[in-house]
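Read the structure below first, then the notes.
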Amino acid sequence: MPAGHGLRSRTRDSFSRAFRKKGPTHLSTYLRIFKIGDYVDVKVNGSIHKGMPHKFYHGRTGRVWNVTKRAVGVEVNKQVGNRIIRKRIHVRVEHVQASRCHEEIKERIKRNDKLKAEAKAQGKIISTKRQPAGPKPGFMVEGALLETVTPIPYDVVNDLKGGY
Amino acid sequence: MVFVKAQKSKAYFKRYQVKFKRRRQGKTDYRARIRMINQDKNKYNTPKFRFVVRFTNKDIIAQICSASIAGDHVLASAYAHELPGYGLEVGLTNYAAAYCTGLLLGRRVLKKLELDEEYEGNVEATGEDYSVEPADSRRPFRALLDVGLLKTTTGNRVFGALKGALDAGVDIPHSEKRFAGFSKDNKQLDAEVHRKYIYGGHVAAYMNSLLEDEPEKYQTHFSEYIKRGIEADNIEEMYKKVHAAIRANPVQKKVEKPAPKEHKRFNLKKLTYEERKAKLIERLNALNAAAGNDDDVEDEEDDE
């Protein structure tokens, strides 16, 4: 009999719970809140059978576009043929984790806003743009021992010792 | 046969998954807790309050809690051991005391939230089913009953505490099915019987029956009552006074504890690298010394 292509086919490992983390899910999963615009990772919790996303979305990251009683609506990019579609799915909160992909940007925004406010107070103009790492500066080489290497003149006799 | 193969091998322990700590301690029912704590996601940070009632052998603990990731936050609490301050000194874990504790907690929370003027609740405890009517300005304080691991049989003391909180003016969704005095045959709550329980009528009846049948047992069983001159007829009055005292001043007395001089340690302090090395050297020296002694003993034996 052939293998079949059901909804949860080929999910034996990806939907299974981690080693020694089976059984009831811890309460913080249910206590986290999600706001529209937050970035979330979709990671299926195999022990909660309701509100499971399709296996394609396992491991995808998207933005929250809707918040309902027990689930969040996540907008995920999916490549279909020659284009990428923004797909809107609803997933129960047990299968969703807050993503850290946006964390660095949010921190930078906070920092930059502070710097800009300070500069404005002082009347200075600053650039908060990130600069790529440039070429490394020049430096003197320390503790170098100089070894002069010269070529030795070609010696026919020694070279032909092997045979000819 | 003495030799038995070891049941729990190293592999067993490596693969063993422990249950949650509070489940191992047998204190929390996580299935119920998940369902109680779960707040609608579209209500974001709105807290969901639980009216928690727990009974120990000598005390009743009633708390209004809300859950958070760092740990549950207690909004207000009331204990049966506070009731002596309101005039109730004996029978601190019976149905009537549970009613008093629930009443105390309810009034305390309403006072804290400044809702106590608006929501008087049911001042005269009649035993009838009473639910708070929403007033014009602010909606009543809502909490959900959390019984823990109790068996919710009809007439359980936890429902006495529930009735106390309801009569205080707290909005707790409930049904009268489990109050003392609900008869399964009629499918109705007998308010008279429930009122008896709230005012300790069942205790008074037992006191009377013991007085007639077994006066010695009465002396031993109700010795604390007798010491304070409480008789079967006084009990209802006593509870009426306690209810009035609770409604008059439900505020919790803050006990000022002096900060301890020394910070008590409950676990061993972690040793530094040098301390651990020093300990190891000590141990090796001790072992060598002991080995040296053994060698001496062996030499002696050889000599002999």
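Each reported figure results from applying straightforward, stated rules to the coordinates on display, with no laboratory input. Computed from a predicted structure; not experimentally measured. Note that each Cβ is placed from the backbone with ideal geometry, even for glycine, and that neighbours are counted across all protein chains shown.
Table for the structure above
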item: Region B:1-133: Cα Rg divided by the 2.2 N^0.38 Å rule of thumb; result: 1.54
item: Summed residue charge, Cβ within 12 Å of B:G102's Cβ, Lys/Arg positive, Asp/Glu negative; result: +3
item: Listed residue (A:N82, B:S137, A:Y154) projecting farthest to the positive dipole end of the protein assembly as shown, Cβ model; result: A:N82
item: Hydrodynamic radius (Kirkwood) for region B:248-299, which is based on Cα pairs only, to one decimal in Å; result: 16.7 Å
item: Neighbour-count ranking [beta-carbon atoms within 10 angstrom, fewest first] of B:L189, B:L75; result: B:L75, B:L189
item: Sorted by Cβ neighbour density within 10 Å, fewest at the top, the residues A:C101, B:C100, B:C65; result: A:C101, B:C65, B:C100
item: More than 33 angstrom apart: percent of Cα pairs within chain B; result: 46 percent
item: DSSP H segments from chain B that extend 15 Å or more along their own axis, Cα-based, with Kyte-Doolittle mean of 0.5 or above; result: B:157-168
item: Cα-derived Rg to Rh of region A:95-136, Kirkwood definition; result: 1.18
item: Positive minus negative residues near B:K187 (Lys, Arg vs Asp, Glu; Cβ under 15 Å); result: -1
item: Which of B:D29, B:D136, B:D146 has the fewest Cβ neighbours within 10 Å, and the rest in rising order; result: B:D136, B:D29, B:D146
item: Shape box of the protein assembly as shown [Cα atoms, principal axes, largest first, Å]; result: 136, 96, 76
item: Inverse mean reciprocal Cα-Cα distance (Kirkwood Rh) of region A:3-153, Å; result: 20.4 Å
item: For region A:21-89: rounded, prolate or oblate by the Cα gyration tensor [a/c cutoff 1.5]; result: oblate
item: Unsatisfied cross-links (Cα-Cα over 29 Å) in the set A:K87/A:K116; B:K58/B:K253; A:K35/A:K87; B:K41/B:K184; B:K14/B:K269; B:K43/B:K253; result: A:K87/A:K116; B:K41/B:K184; B:K43/B:K253
item: Charge dipole (the protein assembly as shown, unit charges on Cβ, about Cα centre) - positive-most of A:G59, B:S175, B:L162; result: A:G59
item: Theoretical ellipticity at 222 nm over chain B - DSSP helices of four or more residues, -39500 (n - 2.57) apiece, nearest 500; result: -12500 deg cm²/dmol
item: Residue mean of other protein chain beta carbons inside 10 Å, B:31-41; result: 4
item: Net charge over other residues, Cβ less than 12 angstrom from the Cβ of B:A290 (K, R count +1; D, E count -1); result: -2
item: Rg/Rg_ref, region B:151-292, where Rg_ref = 2.2 N^0.38 Å and atoms are Cα; result: 2.02
item: Length-normalised contact order for region A:40-125 - Cα pairs under 8 Å, 6+ apart - percent; result: 28 percent
item: Unit charges on C-beta of K, R, D, E only; dipole of the protein assembly as shown, Debye; result: 3980 debye
item: Mean separation of Cα contacts under 8 Å, 6 or more apart, over the residue count of chain B: relative contact order %; result: 16 percent
item: With eigenvalues of the C-alpha gyration tensor scaled by 5 and rooted, region B:96-230, Å; result: 31, 18, 13
item: Rounded tilt (10° steps) of A:103-122 against the dominant C-alpha axis of chain A; result: 80 degrees
